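Participant: Dropping a structure here in structure tokens format, bear with me for questions.
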Amino acid sequence: MRKPRDFDGELKALQDKARELKTRKVQQLGELVIATGADALSTNELAGALIVLGETRDAGRREAWAKRGAAFFQSRARRNAPASDGDAGGAAAQPGGAPSASGRKGAA
């Protein structure tokens, strides 16, 4: 005889995982703001800039921003890579785009 599925337990596990992913996303966004120096902006300035970015439909401009962002993460990966090891993949950004807190010097 088959064991009945615990739907409540499975649902709770999925909710816990979703909460964990949302928390990690918020943390990585905060790390990205700090890494880019955007934490020096006021809340109103940062919100306004993000609104303009979100409203921009110019594909060329968005592509230029994407290239600049990719260059930012690549330069950070090279800067944080151990000199003797030569493995740049170890200090690369985490999935989701934000650098890992352990990969930065002076991370709080």
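The values are calculated or read from the model by the stated rules, or taken from the named source; none is laboratory data. Keep in mind that what you see is a predicted model, and the values were worked out from it rather than measured. Don't worry about glycine lacking a Cβ; one is built from the backbone with ideal geometry, like all the others, and counts go over all protein chains shown.
Participant: Please go through the stretch 27-63 and give me each residue that is in a helix (DSSP H, G or I), surrounded by 10 or more Cβ atoms within 10 Å (Cβ to Cβ) and of a type in the set (Val, Ile, Thr), ordered by number.
Facilitator: Matches in the stretch 27-63: VAL33, ILE34, THR36, ILE51.
Participant: Next up: Is it fair to say ALA49 is of a type in the set (Gly, Ala, Ser), touching a residue at least 40 places away in the same chain (Cβ under 8 Å) and within 21 Å of PHE72 (Cβ to Cβ)?
Facilitator: In short, no.
Participant: Then there's this: Would you tally the residues in the stretch 45-102 being modelled with pLDDT of 50 or more and in contact with a Gly (Cβ under 9 Å, 6 or more places away or on another chain)?
Facilitator: Counting residues in the stretch 45-102 that are modelled with pLDDT of 50 or more and in contact with a Gly (Cβ under 9 Å, 6 or more places away or on another chain) gives 7.
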